[in-house]
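Here the structure comes first, spelled out in structure tokens, and everything after it is commentary.
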Amino acid sequence: MSQQIIKRRSRGFICVNAHPAGCRRNVERWVAGVRGKLPGFQAGPKNVLVIGASTGYGLASRIAAAWGCGAKTLGVFFERPPEGDKTASAGHYNTVAFHSLAHSDGLFAASINGDAFSDEIKRATVNAIRAQMNPVDLVIYSLASPKRTNPRTGQVHNSVLKPVGQAYTNRTIELDSGKVVNVTLTPASEAEIADTVTVMGGEDWRMWMDMLMEEKLLAEGARTLAYSYIGPEITWPIYRDGTIGHAKKDLERSAADLDATLGAKLGGHAWVSVNKAVVTQASAAIPVVPLYLSLLPMIMRQKNLDEGPLEQMLRLFTDFIRTGRPPKLDEARRLRLDDREMRSDVQAEVAALWPHVTTENLRAVTDFAGFQREFRGLFGFEVDGVDYEQPSETDLHW
């Protein structure tokens, strides 16, 4: 047993520890938000693989599948376990809570912790599905990683967040100091673009699906989704038209290829789901995005439109996954869960406020305080209902 009073520790703006009770409270709240919210409990997938299942949209998807559809779920992720007096990562504690709640409610849950890009973890996943589950009818690919070791070549590829073609200057929030500053990013080299596509594009998704097909572990009519983002024009130079955008376009090409293959072999489908911008560890690191995420939720709340990861996944399952008919797609064959974010009135208000935000009026004009609270909440801190003066057990495992 390793009980201790846990205070948030940061390096820069990133939390380097996590609070297990806060993480559990977050998962409990999401589970409560799903129970009874998806009508027709028996509808929907029954054997679900989530690659990238411990935080954000991946965790929300897993919860929606388990408590919304009664599905068996297998989660794959890369998280740090507790060691001595060091806490585990937030995703580890999230998964501990998921398993505990699933067990209490009689739901099957299995998890594999390791490098999802590796052949070793893919093989372990195959073995787990074969031993403990029926053929998978839904595969969700929700990985975000700064690097990838190609299992075929052994080469390590690092992704970068840079514009393509020319330098890009815009406003952002310096998260360490809370200052509104201009940031200029130099354009990526061809090698950096290629590396980012290798890490964040569709190659690994295709490897996962090819392996599951070869092992005959996909059910008839199996579907797979990979998550993506497009965002407003104000972010395009760093996102949609930048290195990460090149990777996301590769993801879309992979979806078209997989859809054709799954359709021919199993009557299945593959799609990219474009989700709404939310506060995550990954999004907070993207220049310009912290300012955008200090404005967008505030404006969407005023219009009763705002959704977090769980609300987005509830809508995904209700409107797309469980309908029994092909979903409505855009011209590029994408599901668009970002439709409310991209409404013209929402984006017009973001654009109108954007140039007027300064360091001095940041907290008055935006909800930067909400952004900070939500970001810290990802690590289990500043979560309602948690007494941070009480010791908490840190040596937890599923």
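The values are calculated or read from the model by the stated rules, or taken from the named source; none is laboratory data. Every value quoted in this text rests on a predicted model; they were computed, and no experiment measured them. We place every Cβ from the backbone using ideal geometry, glycine too, and count neighbours over all the protein chains shown. These accessible areas exclude ligands, DNA and RNA; they are computed on the full protein's heavy atoms, side chains included. Shrake-Rupley method; radii C 1.70, N 1.55, O 1.52, S 1.80 Å.
With protein chains left intact and a 1.4 Å probe, residues in the chain average 43 Å² of accessible area per residue.
For region 239-398, the relative contact order is 25 percent, taking Cα pairs closer than 8 Å that sit 6 or more residues apart in sequence and dividing their mean separation by the residue count.
Within the straight-line cut-off of under 13 Å between alpha carbons, the aspartates and glutamates reachable from LYS46 are ASP137, GLU220, sequence neighbours fewer than 8 places apart in one chain being disregarded. Which one, LYS276, LYS248, LYS37, has the greatest fluctuation when you compute a Gaussian network model over the chain with C-alpha springs under 10 angstrom? Ranking LYS276, LYS248, LYS37 by mean-square fluctuation puts LYS37 first. A value for semi-axes √(5λ) of the Cα gyration tensor in Å was derived from the coordinates, and within the list [x] 33, 24, 18; [y] 31, 27, 22; [z] 42, 23, 18 it appears as [y]. The listed peptides 373-379, 358-364, 225-231, ordered by packing as a protection proxy, come out as 225-231, 373-379, 358-364 (highest mean of other Cβ atoms within 10 Å first). Here's how it looks for PHE381: its modeled amide H is under 5 Å from those of HIS19, which are all 5 or more places away or on a different chain. Normalised by 2.2 N^0.38 Å, where N is the number of residues, the alpha-carbon radius of gyration of region 106-237 equals 1.35. Straight-line cross-link reach from LYS147 at under 16 Å between alpha-carbon atoms covers these lysines, not counting any fewer than eight positions away in the same chain: LYS162, LYS248. Per residue, the convex hull spanned by the Cα atoms of region 1-118 measures out at 121 cubic angstrom. Averaging the Cα positions of each part gives two centres, and for region 47-102 and region 314-335 these lie 24 Å apart. Among SER145, SER254, SER273, whose mean-square fluctuation peaks in a Gaussian network model of the chain (Cα, cutoff 10 Å)? In this elastic network of the chain, the residue with the biggest mean-square fluctuation among SER145, SER254, SER273 is SER145. With springs only between Cα atoms under 10 Å, which of HIS103, HIS92, HIS157 fluctuates most in a Gaussian network model of the chain? Comparing HIS103, HIS92, HIS157 in a Gaussian network model of the chain, the most mobile one is HIS103. The alpha-carbon atoms of region 140-212, seen along their principal axes, cover 47, 26, 18 angstrom, with the largest extent given first.
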